[in-house]
Structure formats: C-alpha cells, structure tokens
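Everything below concerns the one structure shown next.
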Amino acid sequence: LMQGMEAESHGQGQGKKIVRKPYVVNEMEYEASLPEKKSNTLSRDLIDYVRYMIQNHGENYKEMARDEKNYYQDTPKQIKRKINVYKNFYPEEYKDFIASLKQEKMDVQ
C-alpha cells in the first residue's frame, strides 16, 4: 500500500516539472477536461463535439482535425481518444447514435 502511495505523489511531482512544454500543457489541459474517474458523465460540450465529428466525418480523424469546429485544435489522435472516451462512458448512447446515422443515410438514398 505504501509503495503505491509514494508512486502516486512522485507522479504528480513529475507532472509539475513538465509544464513548460506547450504540447504537454495541452495534453494536461485535455486530461483535465476529461471527467474524473469518480463521475460517470462527460461534459455536454465534449459529447456534442464528438457526435458532430462522427456525424460529419465518420471515422476520418484527419478530416475531423481540419474541421472548423475543431475548437480545441485537437490532433487526429486526440480526437480519436475523445471519441473512445465517449464510447466507453456511454456505450449504449454511442451505439444508438451510430445506428441513427446509418438509418439517416438509408433514408436519404
């Protein structure tokens, strides 16, 4: 138990030192924008963002990164990670969302 505690505080100390590198700061801000493990909700903004990206670009993360609605200036990898976070938090909602998109496409044809 004690070892685990030490490792944890050691990790936090490291985090503070790295802040000078801008890309790491963005990464940390992104981590901070994610919900804590305790809560089981994502911010509505993040959900809307993820759903918008999937709706418009399917699984083309490069296109998502170039989208004007990419306010966060996320890289394709970061967007993919956000989508995965959404999938993990709301697997049912995600499935329904994807199903409704497929249905829309079929209706259009």
So if each residue of separation counts as 0.36 nm, and I subtract the Cα-Cα distance between Asn88 and Asn56, what length gain in nm does that give? 9.4 nm
What full-extension length gain, to one decimal in nm, is calculated for Glu68 and Lys95 as 0.36 nm per residue of separation minus the Cα-Cα distance? 7.1 nm
With DNA, RNA and ligands ignored, accessible area of Glu104 (1.4 Å probe; Å², nearest 10): 90 Å²
Heavy atoms of Asp107: accessible area, 1.4 Å probe, square angstrom to 10: 110 Å²
Relative contact order of the stretch 44-107, pairs being alpha-carbon contacts under 8 Å that are 6 or more residues apart, as %: 30 percent
Could you order Val85, Val50, Val108 so the one with the most accessible surface comes first? Probe is 1.4 Å. Val108, Val85, Val50
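The values are calculated or read from the model by the stated rules, or taken from the named source; none is laboratory data. Please read all numbers here as calculations on a predicted model, not as lab measurements. These accessible areas exclude ligands, DNA and RNA; they are computed on the full protein's heavy atoms, side chains included. Shrake-Rupley method; radii C 1.70, N 1.55, O 1.52, S 1.80 Å.
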